[in-house]
Amino acid sequence: MRLSFHFVSLFRFGIYIFLASLCSCNEKEVPRTEKTDPLLHPIEASLQDLVDIWYPKAIDTVHGGFWSDFSYKWEKEGKQQKMLVSQARHIWTAATLASFYKSEKYEKIASHGVQFLRNHMWDEDNGGFFTLLGIEGDSLRLLSKGKSAYGNSFAIYGLATYYKVSKDSAALHLAKKTFDWLEEHAHDSVYGGYFDVLQQDGSWMLDVTDNSKNYENFIRKNWKDQNSSIHLLESLTALYDVWPSDLVKTRLEELLVLIRDTITTDKGYLTLHLERDWTPVSLRDSSETYRSSHFYLDHVSFGHDVETAFLLLEASHVLGVPNDSITLRKAKKMIDHSLEWGWDHQVGGFYDGGYYWSANERNIVNKSKVWWTEAEALNSLLLMAQLYPEEMRYDSLFRKQWEYLDTYMIDHTYKGWYHEGLDTDPSAKKDAKAHIWKVNYHNIRSLINVIRMLRSDFPLTNDYL
């Protein structure tokens, strides 16, 4: 499969980026309240540093879309494959920056990404977006024929957010087409929710015979999971915000209730994998050796828990649920559970994952502190501080989390964020700053939300105050 490029538009876009780079990087200031939080200025500066190192550096004016791989010094190196998730996340980030800074520059960057999705990643024969393309000479080659609800959800997320700032009806149309494709192919009309892994034509994997009896392939065909579910919730929240269709509302409400009341346990953490009928999958009765080698299939993921607490409240807000005390209580429980078990009380930060060996016996299995987890934690801790001002610990923990990020996660020499905190992995200082799974939407979203909360300009909090 070979795809030609639109060299004229790319050349014009390159000229635009060159001219834009000559402009001052300081964006339009937003008026602040008289009483300014002492963390507001350093967080604003940190956001600007992060944005400036990514753009325009990450913009691929040769092949379209965005470059994927950068070294710790931000040197472009690696395969530079084009993955749907990372390409769509760049669109979301640029569109969000365009809205936040009131900047046409970032809107044009988002538009550049939208053109790439539309021209090169949409499957004209079967519908839906391809997962992965590779660069081969001056053309693109299809590397993965399968489709993913998770990946397509991020396409919706980016397209809907771009439409909100640009009013580009073609982008909204493509977001609608993607939703319709997921509705036809990935939605489970019997048990609700969505299957993530699909064949190229969108058909389910349930009836595919696996002669190798590979366990990982088997569970991918038959199980549902929290990760694709929470990001479908995220994307449909963005879509419903700009296209309040009855069906989108129904699916968004369905996901909110499934995630809040079924996927999230009574203790306050997400079940990673579930059978089609939402029966939780547990490896607790397996051997210790098997559990250890398959930790990624069944554990408590503190990062997903603190992120989902925010996503549930965001979905409830966009749906306009009045006084949604049920979702608020569950979100708080998820944060509290993560703080009780996964928080490092000495230096701050959340560990990656733990395991319940029994109802009362538990321990931390992976003490890594991953960049996206720490970003989501900053956002959710301040959100809890504003929703529960009487519980002063949330505000203190939010400030400790910022101190942790500033000390161990943010690279003050070469800019950007390390993939893991230097307290748990000092060697991360020289690891890649970007790859197809490490983009910038987690930390830029977190910093923007935090800045808006510190400026008293965050609509979500007004639902409960």
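General remarks:
- Per the Kirkwood formula applied to alpha carbons, the range 202-352 shows a radius of gyration over Rh ratio, Rg over Rh, of 1.01.
- Backbone HN-Hα couplings from phi across the range 316-324 [Karplus 6.51/-1.76/1.60, Hz, Gly and Pro as x]: 4, 4, 5, 5, x, 6, x, 6, 6
- Taking GluC sites (Glu not before Pro) across the range 314-421, the ones in a DSSP loop with at most 10 further Cβ atoms lying within 10 angstrom of their Cβ are Glu361, Glu390.
- Once the gyration tensor of the Cα atoms in the range 56-122 is diagonalised, the equivalent ellipsoid follows with semi-axes of 20, 15, 9 Å, ordered largest first.
- Evaluating kT/(6 pi eta Rh) at 4 °C and 1.567 mPa s, with the Kirkwood radius of the chain over Cα pairs in the Stokes-Einstein relation, gives 57 µm² s⁻¹.
- Solvent-accessible area of His419 with every protein chain in place, 1.4 Å probe, in Å² to the nearest 10: 50
- Phi angles across the range 339-348 convert, under the Karplus curve 6.51 cos²θ - 1.76 cosθ + 1.60 with θ = phi - 60°, into 3J(HN,Hα) values of 5, 5, 10, x, 8, 8, 6, 7, 10, x Hz, Gly and Pro given as x.
- Accessible area, probe 1.4 Å, largest first, for residues Glu234, Glu124: Glu124, Glu234
- The Cα atoms of the range 85-200 cover 43, 40, 19 Å along the three principal axes, with the biggest extent listed first.
- The chain: calculated mean residue ellipticity at 222 nm from DSSP helix runs of at least 4, using -39500 (n - 2.57): -15500 deg cm²/dmol
- Note on the range 299-402: Rg/Rh from C-alpha atoms, Kirkwood Rh, equals 0.98.
- Extension gain, Ser287 to Ala359, is 24.2 nm, computed as 0.36 nm per intervening residue step minus the present C-alpha separation.
- Charge tally around Leu258: other residues with Cβ under 11 Å, Lys/Arg +1 each, Asp/Glu -1 each, net -1.
- Cβ-defined net charge surrounding Leu247, 14 Å radius [Lys, Arg +1; Asp, Glu -1]: -2
- Percent accessible area from carbon and sulfur atoms, the chain, protein chains only, probe 1.4 Å: 50
- Local electrostatic count, Gln226, Cβ distance below 12 Å [Lys/Arg +1, Asp/Glu -1]: -3
- Of the residues Tyr408, Tyr157, Tyr240, ranked by 1.4 Å probe accessible area with the largest first, the sequence reads Tyr408, Tyr240, Tyr157.
The values are calculated or read from the model by the stated rules, or taken from the named source; none is laboratory data. The model shown is predicted, which means the values in this text are computed figures rather than measured ones. Don't worry about glycine lacking a Cβ; one is built from the backbone with ideal geometry, like all the others, and counts go over all protein chains shown. To get the accessible areas, we keep the full protein, side chains included, count just its heavy atoms, and leave off ligands, DNA and RNA. Shrake-Rupley method; radii C 1.70, N 1.55, O 1.52, S 1.80 Å.
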